[in-house]
Amino acid sequence: MLKIYGIKNCNSMKKAFDLLAELGLSYEFHDYKKQGLDTDTVKTWLDALGQDVILNKKGTTWRKLTEQEQQLALSSEIALINALTTHTSLIKRPVINQDGHYVVGFDEDKIRALK
């Protein structure tokens with residue numbers, strides 16, 4: 001089962017939804033802005049992909065954090081998980097999981113390969 005995580009009103013998400021529809025792929029959508037995100041899911045992502053893939057340091061949410069908040073988030077895995085579950089916009093979008101195979105961010109070629 002393909003599961004896509006993100007925020008509904010996001011350009012990267014809209015492109016991903018459109019591409020999945022074009023490919024005829026069914027999916028389950030988890031809007032973590034509305035539904036939240038549990039720590040186990042975030043830990044699984046960090047273990048599988050690493051913080052550089054998951055954490056969006058280019059977004060406005062990261063830039064709005066104080067330098068102290070940024071340093072705290074990067075100080076330990078527990079602190080990073082707490083930051084990502086508290087400020088879900090810090091997570092790159094979309095996160096697509098198909099049976100443990102991940103695509104993070106809008107990457108048309110990788111999404112097409114999910115068929």
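Values for this structure:
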read-out	value
Placed amide H near H30: partners under 5 Å, 5+ positions off or other chain	I4, Y5, G6
Rg in Å to one decimal, and Dmax rounded to a whole Å, for region 2-112 via C-alpha atoms	13.8, 45
Simple label model, 7 Å out from Cα along Cβ direction - N9 to T61, nm	1.5 nm
Cα→Cβ-extended label distance, 7 Å offset, between E108 and Q51, nm	3.4 nm
Fully extended contour minus Cα-Cα distance, from D40 to Q71, at 0.36 nm per residue	8.9 nm
Amide H partners (placed H, <5 Å) of I91, local residues excluded	N56
Positive minus negative residues near K14 (Lys, Arg vs Asp, Glu; Cβ under 11 Å)	+2
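Every number here is computed from the coordinates shown, using simple stated rules; none is lab data. Because the structure is predicted, anything quoted here is derived from the model rather than measured. Every residue, glycine among them, receives a Cβ derived from its backbone with ideal geometry; neighbour counts consider all protein chains shown.
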